[in-house]
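Student: Dumping the structure here so I can ask a few things about it.
The values are calculated or read from the model by the stated rules, or taken from the named source; none is laboratory data. Source: prediction; values computed, not measured. Ideal geometry is used to build each Cβ from the backbone, glycine not excepted, and the neighbour counts take in all protein chains shown. With ligands, DNA and RNA removed, areas are computed over all heavy atoms of the protein, side chains included. Shrake-Rupley method; radii C 1.70, N 1.55, O 1.52, S 1.80 Å.
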Amino acid sequence: MIGTTTAVALLGLTGQMVEVEADITPGLPSFTIIGLPDTALSNARERVRHATSNAGCPLPARRITVNLSPAALPKFGPVFDLAIAMALLAASRSISAESIGRVVHLGELGLDGRLRPTSGILPAVAAAARLGHTRFMVPAGNADEAALVPGIEVIPVASVRDAAIFHGSTLQPQPVEPILLARESATETPVLELADVVGNRDATQAMVVAAAGGHHLFMLGPPGAGKTMLAARLPGLLPDLGPLESLEVSSLRSLSGDIVGSQLITRPPLESPHHTATAAALVGGGSRQIRPGAAARASHGVLFIDEAPEFNSSVLDALRQPIETGVISIHRANAVATFPATFQLVLAANPCPCGQYGARDSECTCTPHSRRRYLARISGPLMDRIDIQLRVQRITAAELRMADGEERLDTATARSAVVAARSRSAHRLEGTPWKLNSQVPGSWLRTGPRRLARSTTASLDRALERGGLTMRGYDRVLRLAWTVADLDAVETPTAEHVGRALYLRKSLQS
Ligand SMILES: Nc1ncnc2c1ncn2[C@@H]1O[C@H](COP(=O)(O)OP(=O)(O)OP(=O)(O)O)[C@@H](O)[C@H]1O
Ligand SMILES: [Mg+2]
C-alpha cells in the first residue's frame with residue numbers, strides 16, 4: 001500500500017506543493033528518500049525512524065521508499081519530516097490513508113517524537129492556501145503563525161503520536177510537553193518621534209517628502225549631524241501596512257527564522273545592515289535553504305545603509321538590480337529563488353574620511369584626492385537611482401537656542417500628511433501601473449497627459465541647459481515636484497514646487 005500526502009517546498013517566498021509518497025515492500029530493511037533531497041532532508045530518515053519508534057508507532061523493518069515529487073523541484077530543510085512520517089504510517093496501515101490525503105503536513109520531528117517549530121511556516125501555508133489547500137497540520141509551536149493565514153483550518157500537534165491519533169491510529173493519547181518558541185510575539189519596528197529632531201527643518205521636510213512619494217534618499221553630513229537619527233524616523237512617517245504587505249513582511253521574518261507569533265507585522269520595517277555586511281547578507285543567499293537578506297526584509301519599509309562609503313562597493317552594487325526591478329532573484333544550480341525588494345533606500349555618508357569637509361565649525365584634514373575617492377565608492381549608477389540628495393549640517397548652539405520655542409513637526413502629524421499625499425497620487429495615477437510618484441518614469445511625466453507647462457519648469461530647463469542637471473536628474477526633480485505638490489494638496493505643481501524639488505535634488509552641489 002502506498003501512503004500519499006502533501007507538503008510545501010519554498011523557494012524564496014514562492015511555495016509549491018510537494019507530493020510525498022511512501023511505499024513499504026518486503027525485503028531487507030532499508031530506507032531511501034528520492035527526489036532531490038538536500039542533506040538536512042536526507043537526515044529525515046533518522047529523525048522519522050527514531051521519532052515514530054519513540055512515539056510508539058515504529059516503522060516496519062522492511063524496504064521503505066519515500067518519493068518527493070516533482071523531482072526537479074529543489075527541496076530544503078527538515079520541514080518535510082511530518083509528511084514523510086504520515087505517509088509511512090499510512091503505507092504501513094497504522095493510520096488512514098484517506099485522512100492524510102486531505103491535509104497538508106508541515107513540521108520537523110525531534111528524535112523523541114515531538115514536533116519542533118520550523119522557520120518559513122507562514123509563507124508555506126500562505127502559498128498552499130493560494131493554491132486552494134485549506135487544512136494544515138503544523139507543530140504546536142507554529143500554530144499561531146499558521147493561523148495568520150485567513151480562511152484555513154490549522155491542526156496543531158505536539159507529537160507524531162498526536163498526529164497519528166488524529167489520522168485514525170488506535171494508539172492511546174500520551175500527553176507530552178509541546179515544544180514552543182521562547183517568545184510569543186514578533187517585534188515591531190519602534191516608531192520614533194520626529195519632533196525629537198531640533199532645527200534641521202530642511203532635513204525633516206525632506207524626510208516627509210521621501211515618505212510621501214516613496215523616494216530614495218541620500219544624506220551627506222559630518223558626524224553628529226543627525227543622519228542616523230533622521231533615517232530611524234522615516235519608517236514612522238510611512239502609513240500602516242496593508243493586509244498583503246503585512247503578510248509579506250511577516251513571511252520574510254518567518255523565513256529568516258524570526259518569531260512571528262500570533263500577530264502580523266503592521267508597521268513598515270527598518271533594516272540597517274552593518275557596513276561589514278556581505279552581498280549575501282544584503283540581498284540574501286545561503287548554501288542550502290536560501291534566506292532573505294536585509295534588502296528583502298526591508299520590503300515595504302526602509303533599507304538604511306549608514307556609512308555607505310564604508311561598504312564594499314560590490315556589495316552596494318548588488319542593490320542595483322533589486323532597486324530597478326523591485327525583486328531579488330537568487331540563482332542556484334537548479335533553481336531561482338525570488339524575494340520582494342520594494343524597500344525605500346536611505347543612504348548616509350560623511351563627506352570625507354575624516355568627516356569634517358564642509359562642516360561649518362571644523363577643519364577637514366583629508367586630501368582632495370582621498371575626499372573624491374571616498375564618495376566615489378558609492379557608484380554613479382546607484383546614486384542615479386536616488387531622488388533626494390540632502391546635505392545635513394550639525395546644528396549650532398545658536399540654532400539650538402532659536403529652536404527652543406519653535407513648533408516642531410511630530411510623527412503623527414507628518415504621517416497623516418504623508419497618507420493624504422499618497423492618496424492624492426494614487427488617485428491621480430489610477431489606471432497606470434504606478435501608485436507612488438517615485439515609481440513613475442520620467443518620460444511619462446515629461447510627455448504624458450500630466451506634462452507641466454513650460455513656464456512651470458523654466459528653472460529646471462535652465463539648469464539642464466547650463467549643465468547643472470542631467471536628464472536623469474531632471475526627471476527626478478519632476479517626480480519630487482509632484483510629491484511636494486501632493487503634500488501641499490494642490491492639483492498640479494507650480495514653479496514654486498519645482499523650485500523646492502530642485503533644492504531637494506541639488507542641495508549637495510552647493
Ligand atoms: N537636530 C538634532 N536634534 C536633536 N538631536 C540631534 C540633532 N542632531 C544630532 N542630534 C543628536 O546627536 C547624536 C548624533 O546624531 P547621529 O548619530 O544621528 O549623527 P550622524 O550624522 O549619524 O553621525 P555619524 O556620521 O557619526 O554617524 C544623536 O544621538 C542625536 O541625539
Ligand atoms: Mg550615523
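Student: Solvent-accessible area of ASP361, probe 1.4 Å, all protein chains present, reported in Å² to the nearest ten, please.
Tutor: Its heavy atoms expose roughly 100 Å² to the probe.
Student: In square angstrom, rounded to the nearest 10, how much accessible surface does MET207 have for a 1.4 Å probe?
Tutor: 0 Å²
Student: Another question, if that's okay. No other cysteine beta carbon under 4.7 Å away is the test; run it over the chain and list who passes.
Tutor: If one checks each Cβ against the other cysteines of the chain, CYS57, CYS354, CYS364 turn up with nothing under 4.7 Å.
Student: Ordering LEU464, LEU390 by accessible area with a probe of 1.4 Å, largest first, what comes out?
Tutor: Working: LEU464 55, LEU390 5 Å².
So the residues, ranked largest to smallest area, are LEU464, LEU390.
Student: Local charge sum around PRO74 (other residues, Cβ-Cβ under 13 Å, Lys/Arg +1, Asp/Glu -1)?
Tutor: On the way: positive: LYS75, ARG288, ARG332; negative: ASP38.
Once positives and negatives cancel, what remains is +2.
Student: Check each of the GluC sites (Glu not before Pro) in segment 386-447 and keep only those in coil by DSSP with at most 11 other C-beta atoms within 10 angstrom; list them in order.
Tutor: Working: sites: GLU399, GLU406, GLU407, GLU430; in loops: GLU406, GLU407, GLU430.
Filter output for segment 386-447: GLU406, GLU407, GLU430.
Student: Stretch GLU46-SER287 to full length: gain in nm at 0.36 nm per residue minus the Cα-Cα span?
Tutor: Details: separation 241, 0.36 × 241 = 86.76 nm, distance 2.23 nm.
Gain in length upon complete extension: 84.5 nm.
Student: In nm, what is the difference between 0.36 nm times the number of residues separating SER362 and ALA71 and their Cα-Cα distance?
Tutor: Numbers: separation 291, 0.36 × 291 = 104.76 nm, distance 6.51 nm.
Residue separation times 0.36 nm, minus the Cα-Cα distance, leaves 98.3 nm.
Student: Now for a separate question. For a quick protection proxy, order the peptides 120-129, 485-494, 6-15 by their average other-Cβ count within 10 Å, most packed first.
Tutor: Descending mean neighbour count gives 120-129, 6-15, 485-494.
Student: Right, here's the next one. Got the relative contact order for the chain handy, in percent, Cα pairs under 8 Å and 6 or more residues apart? Could you put the intermediate results ahead of the total?
Tutor: On the way: 1094 pairs, mean separation 67.9, N = 510.
Value for the chain: 13 percent.
Student: Please list ASP410, ASP387 from largest to smallest accessible area, probe radius 1.4 Å, with all protein chains kept in place.
Tutor: Numbers: ASP410 50, ASP387 5 Å².
From most exposed to least exposed: ASP410, ASP387.
Student: Now for a separate question. Short version: ³J(HN,Hα) in whole Hz for each residue of segment 219-231, in order, from phi by Karplus 6.51 cos²θ - 1.76 cosθ + 1.60 (θ = phi - 60°), x for Gly and Pro, what are they?
Tutor: Listing the rounded values in order: 10, 10, x, x, x, x, 6, x, 5, 5, 4, 5, 4 Hz.
Student: Something else now. Could you tell me how many degrees, from 0 to 90 and to the nearest 10, lie between the Cα long axis of helix 495-506 and the main elongation axis, the longest principal axis, of the Cα atoms of the chain?
Tutor: 70 degrees
Student: Another question about this same structure. Of the listed peptides 431-440, 451-460, what is their order by residue-averaged count of other C-beta atoms within 10 Å, with the highest listed first?
Tutor: On the way: 431-440: 16.9, 451-460: 15.2.
The densest-packed peptide leads the list: 431-440, 451-460.
Student: Shifting gears a bit: Mind putting a number on the dipole of the chain about its Cα centre? Charges go on the C-beta only, +1 for Lys and Arg and -1 for Asp and Glu, and I need it in Debye to the nearest 20. Mind showing how you got there, number by number?
Tutor: Working: 51 positive and 46 negative charges, 261 e Å.
Roughly 1260 debye for the chain.
Student: Report the antiparallel proportion of the DSSP beta bridges in segment 2-166 as a percent, rounded to a multiple of 5. Working shown, then result.
Tutor: Working: 20 of 34 bridges.
Antiparallel bridges make up about 60 percent of those DSSP assigns within segment 2-166.
Student: Quick one: what are the phi-derived ³J(HN,Hα) couplings along segment 147-161, Karplus 6.51/-1.76/1.60 with θ = phi - 60°, whole Hz, x for glycine and proline?
Tutor: 5, 6, 7, x, x, 10, 10, 10, 10, x, 10, 8, 8, 5, 5
Student: Could you work out the percent of alpha carbon pairs in segment 194-408 separated by over 28 Å, rounded to a whole number? Walk me through the numbers before you get to the answer.
Tutor: Values: 7605 of 23005 pairs.
Of all Cα-Cα pairs in segment 194-408, 33 percent lie more than 28 Å apart.
Student: Just going by the charge dipole of the chain, with Lys and Arg at +1 and Asp and Glu at -1 on Cβ, which of PRO29, PRO173, GLY301 is farthest out on the positive end?
Tutor: Positive-end residue among those listed: GLY301.
Student: What's the angle, to the nearest 10 degrees (0 to 90), between helix 411-428's Cα axis and the longest principal axis of the chain?
Tutor: 90 degrees
Student: Something else about it: By the scheme Lys and Arg +1, Asp and Glu -1, what is the net charge of all other residues having a beta-carbon under 14 Å from that of SER272?
Tutor: Numbers: positive: LYS227, ARG233, ARG297; negative: GLU271, ASP306, GLU307, GLU310.
Residues near SER272 contribute -1 overall.
Student: Using alpha carbons only, how many degrees (0 to 90, rounded to 10) separate the axis of helix 44-54 from the longest principal axis of the chain?
Tutor: 50 degrees
Student: Cα convex hull of the chain: mean projected area in nm², to one decimal?
Tutor: On the way: hull surface 110.0 nm².
Orientation-averaged projected area of the Cα hull: 27.5 nm².
Student: So, R0 is 22 Å and r is the distance between the beta-carbons of ASP488 and LEU400; what FRET efficiency does that work out to, to 0.05? Please report the intermediate quantities before stating the final value.
Tutor: Values: r = 29 Å, r/R0 = 1.32.
That gives a FRET efficiency of 0.15.
Student: Arranged from highest to lowest average of other beta-carbon atoms within 10 Å per residue, in what order do the peptides 246-255, 165-174, 25-34 appear? Please list the in-between numbers first.
Tutor: Working: 246-255: 25.1, 165-174: 14.7, 25-34: 11.8.
Ranked by mean Cβ neighbours within 10 Å, highest first: 246-255, 165-174, 25-34.
Student: Another one. When a/c reaches 1.5 or more, the comparison of a/b and b/c decides; with that in mind, is segment 2-166 rounded, prolate or oblate per its Cα gyration tensor?
Tutor: Details: a/c = 1.65, a/b = 1.37, b/c = 1.21.
Taking the square roots of the gyration eigenvalues as a ≥ b ≥ c, segment 2-166 is prolate.
Student: Further, regarding this structure: Counting pairs of alpha carbon atoms under 8 Å apart in space and at least six apart in sequence, what relative contact order in percent does segment 194-408 give? Numbers along the way, then the final one.
Tutor: Values: 386 pairs, mean separation 62.3, N = 215.
Answer for segment 194-408 is 29 percent.
Student: Still on this structure: Restricting to the chain, what percent of DSSP beta bridges are antiparallel, rounded to 5?
Tutor: Numbers: 27 of 56 bridges.
That works out to approximately 50 percent antiparallel.
Student: Now, a different point. Residues of segment 33-57 with amide nitrogen under 19 Å from the 7 Å Cα-to-Cβ point of GLU177?
Tutor: 54-55
Student: Once label points are set 7 Å from the Cα along Cα→Cβ at both GLU193 and GLU19, what is their separation, rounded to one decimal in nm?
Tutor: Spacing of the two 7 Å Cα→Cβ label points: 6.1 nm.
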